[in-house]
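In what follows, a structure is listed as structure tokens, so that the remarks can point back to it.
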Amino acid sequence: MTALPVREPATTIPPPEPAPEPAPEIVLAGCGLRGMGLLTAMPALLDHRLTVVDAGPRPGPGAFPDHRIQSNSAGADFFGWVDPAGPFGPVLDDPAVRRLREHQGAFDLALLAGALDRFGDRLAALLPPDRLIRGDPLVHVTVEGEAIALTLASGRRIDTRALVLALGITEPAHAALAPWADRTIPSGRIVRDHLAALPPVPADRPARIVIAGGSHSAYSAALVLADAVDAGRLSAEVTILHRGPARLFYPNMDAHAAEPHGPLEALPDPARDICPETGQIFRYSGLRHRARALFREIAQGGRQGFTQRQIPAIDDAAALLDQADLIVQALGYRSRRLAMTVDGRPWDPAGGRPVVRPEPDGRIPLPAGARAQIFVMGMDPYPYDDGALTPTGQYALRGGQILAALARPPVAGQPPTDIPLAEPG
Ligand SMILES: Cc1cc2nc3c(=O)[nH]c(=O)nc-3n(C[C@H](O)[C@H](O)[C@H](O)COP(=O)(O)OP(=O)(O)OC[C@H]3O[C@@H](n4cnc5c(N)ncnc54)[C@H](O)[C@@H]3O)c2cc1C
């Protein structure tokens, strides 16, 4: 007798559900230069359960692919904070990173975007895939006591012990230019799109263009226009309106003494504006390279069709603005905002100011009594509020502050599970 084969039942038992992933300890929201600077200066953050959320398609380059201009920094300013023996060390040998760091003088910001891209690739290799979320912006932060709950645009919810905001900056329409809003564009548009950002210009006379502002973004826009004039692609009369004197970079006080200084140029305050580390004047905030050269050329009357005017307030140039074909707003940037609710109430960590100013411990300002671990990578240029001299120090300092906060035991019941889903802002 042959035994009949025993048939398996038609239905198979489903494999057991994988255990739910533990909530992250840290979420980094935004991974451009500053988010990447934080992780590459303090890679110990990756030893904690770290999730990175970025609105863009890849971590690393941030806004730099949109800056189709030359840098106001030097290539060697970047990635000196990376430990060659650490997890990001091998990226220092990447040709794109070496080209940036060894470059002398001004460079196309595309070079920096490319180097940041390489660090983004390395980050993607170091993080488990489900801990790198791309193309899904953070839209709402809910804080209850120490508990932080995040809502992404897709509706996904993430609870975390600590949050780091590194969302970059925006250039919203400025109220002072509201009467001329129909002919005003932000400087970032020219920096990104060059002449394609301009409306149709008159064929029978030079276009009257006013740049409102006298900072690096104003002179970046002015350079795009000057290059187009030189190439015969634009006929324009350009006026640059300075609300205050312009800061120019000098390698040292001797170089400063050797050059003439016009009334539009800021005089350095030795106590505040000379870097104690390098002796450089206006080390990070001063106009440099071609922007600086254009400032001086116009100030000395050497660039036909380009003029500078100092005005106490935008309204003082109303007649000029009335006649302009195009106004380029270069009046500064502000921190990118998120909808945030703290203990049931809407909260603006910038307190109505343009930029979120961190507390001395690196956290964002919160209402009295709130204790959530929310940090911000919102650094103003040198001199930094918290005494550090270089971006290197800033990234590592903030990383140390975050690690110190994580070392403190969480209060009972963390992370939260019962926070109501907030309305996306
Ligand atoms: C015209 C111009 C020229 C400049 N030139 C220089 C220069 O030469 N050298 C220099 O050091 N700096 C320069 N800067 C400053 C430069 O923009 C900043 O140094 C740099 O981009 C700041 O990096 P960041 O990481 O703060 O912001 P970003 O580079 O803007 O990165 C922010 C990241 O956050 C992500 N993000 C935004 N919103 C969300 C969200 N809701 N959820 C999740 N992710 C989000 C974005 O996708 C992006 O990846 C220049 C700025 C301008 C405007």
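The values are calculated or read from the model by the stated rules, or taken from the named source; none is laboratory data. Please read these numbers as outputs of a predicted model, since none were measured by experiment. Heads up, the Cβs are rebuilt from the backbone with ideal geometry, glycines too, and the neighbour counts pull from every protein chain shown.
In region 21-41, which residues are touching a Pro at 6+ places or on another chain (Cβ under 8 Å) and within 12 Å of the ligand (Cβ to nearest atom)? So that I can check it myself, show each step before the final result.
Filtering region 21-41 for residues touching a Pro at 6+ places or on another chain (Cβ under 8 Å) gives 23, 31-32, 35-37.
Passing the criteria: Cys31, Gly32, Gly35, Met36, Gly37.
Pull out all pairs, ordered by first then second residue, where Cβ-Cβ is under 6 Å, the residues are six or more apart or on different chains, the first lies in region 304-325 and is outside the structural domain of Leu223 (by TED's automatic domain parsing), and the second is buried (at least 17 other Cβ atoms within 10 Å of the Cβ) and part of a helix (DSSP H, G or I).
Qualifying pairs under 6 Å: none.
Quick one: which residue in Ile185, Ile158 is within 12 Å of the ligand (Cβ to nearest atom) and either free of Cβ contacts under 8 Å to residues at least 24 places away in the same chain or assigned to a strand (DSSP E or B) (or both)?
Only one candidate passes the filter, namely Ile158.
Would you be able to say whether some residue in region 92-108 is among the aromatic types (Phe, Trp, Tyr) and modelled with pLDDT of 95 or more?
Within region 92-108, none of the residues are among the aromatic types (Phe, Trp, Tyr) and modelled with pLDDT of 95 or more.
Does Ala96 qualify as being more than 26 Å from His289 (Cα to Cα) and either hydroxyl-bearing (Ser, Thr, Tyr) or without any contact (Cβ under 8 Å) to a residue 24 or more places away in the chain (or both)?
Values: more than 26 Å from His289 (Cα to Cα): no; either hydroxyl-bearing (Ser, Thr, Tyr) or without any contact (Cβ under 8 Å) to a residue 24 or more places away in the chain (or both): yes.
No.
Out of Pro61, Pro57, Pro87, I need the residue that is in a loop (DSSP other than H, G, I, E, B), of a type outside the set (Phe, Trp, Tyr), within 25 Å of Glu25 (Cα to Cα) and more than 10 Å from the ligand (Cβ to nearest atom). Which one?
It is Pro87.
Show me the strands (runs of 3 or more DSSP E) entirely contained within region 252-363 in which 3 or more residues are buried (at least 18 other Cβ atoms within 10 Å of the Cβ).
Qualifying strands (runs of 3 or more DSSP E): 326-329, 339-342.
Considering every residue within region 132-142, establish whether at least one is modelled with pLDDT of 95 or more, on the phi > 0 side of the Ramachandran plot and either within 16 Å of the ligand (Cβ to nearest atom) or assigned by TED's automatic domain parsing to the domain that holds Pro186 (or both).
So far as region 132-142 goes, yes, one or more of its residues are modelled with pLDDT of 95 or more, on the phi > 0 side of the Ramachandran plot and either within 16 Å of the ligand (Cβ to nearest atom) or assigned by TED's automatic domain parsing to the domain that holds Pro186 (or both).
For the list (1) part of a loop (DSSP other than H, G, I, E, B); (2) charged (D, E, K, R); (3) more than 24 Å from Gly286 (Cβ to Cβ), I need the number of the one condition that Arg208 fails.
Among (1) part of a loop (DSSP other than H, G, I, E, B); (2) charged (D, E, K, R); (3) more than 24 Å from Gly286 (Cβ to Cβ), Arg208 violates only (1).
Taking interchain pairs and intrachain pairs at least six residues apart, which have beta carbon atoms under 8 angstrom, with the first residue in region 11-32 and at negative phi and the second at pLDDT below 70?
Listed pairs, sorted by first residue: Ala23/Pro415.
Given the conditions (1) small (Gly, Ala, Ser); (2) over 30 Å from Phe375 (Cα atoms); (3) touching a strand residue (DSSP E or B) at 6+ places or on another chain (Cβ under 8 Å), report the number of the one that Ala153 does not fulfil.
Status for Ala153: all satisfied but (2).
Determine whether Leu163 is under 30 Å from Pro409 (Cβ atoms) and assigned by TED's automatic domain parsing to the domain that holds Ala350.
It is true that Leu163 is under 30 Å from Pro409 (Cβ atoms) and assigned by TED's automatic domain parsing to the domain that holds Ala350.
Of these, Leu225, Leu241, Leu248, which one is in contact with a strand residue (DSSP E or B) (Cβ under 8 Å, 6 or more places away or on another chain), within 16 Å of the ligand (Cβ to nearest atom) and farther than 21 Å from Ser73 by Cβ? I'd like the intermediate steps shown before the answer.
Working: Leu241 fails: within 16 Å of the ligand (Cβ to nearest atom); Leu248 fails: farther than 21 Å from Ser73 by Cβ.
Just one listed residue meets the conditions, Leu225.
Pairs only if they're at least six apart or on different chains, beta carbon under 8 angstrom, first in region 68-87 and touching a residue at least 24 places away in the same chain (Cβ under 8 Å), second assigned to a loop (DSSP other than H, G, I, E, B) and of a type in the set (Ser, Thr, Tyr); list them, first residue then second.
Ser73/Tyr284
Go through Gln329, Gln414 for me and flag whichever is touching a strand residue (DSSP E or B) at 6+ places or on another chain (Cβ under 9 Å) and at pLDDT 90 or above.
Just one listed residue meets the conditions, Gln329.
Please pick out the residue among Leu138, Leu150 that is touching a His at 6+ places or on another chain (Cβ under 8 Å) and under 30 Å from Thr341 (Cβ atoms). Outline the logic, then answer.
Numbers: Leu138 fails: touching a His at 6+ places or on another chain (Cβ under 8 Å).
Answer to the check: Leu150.
Can you tell me how many residues within region 188-205 are crowded, with 19+ Cβ neighbours inside 10 Å and either part of a loop (DSSP other than H, G, I, E, B) or more than 10 Å from the ligand (Cβ to nearest atom) (or both)?
1
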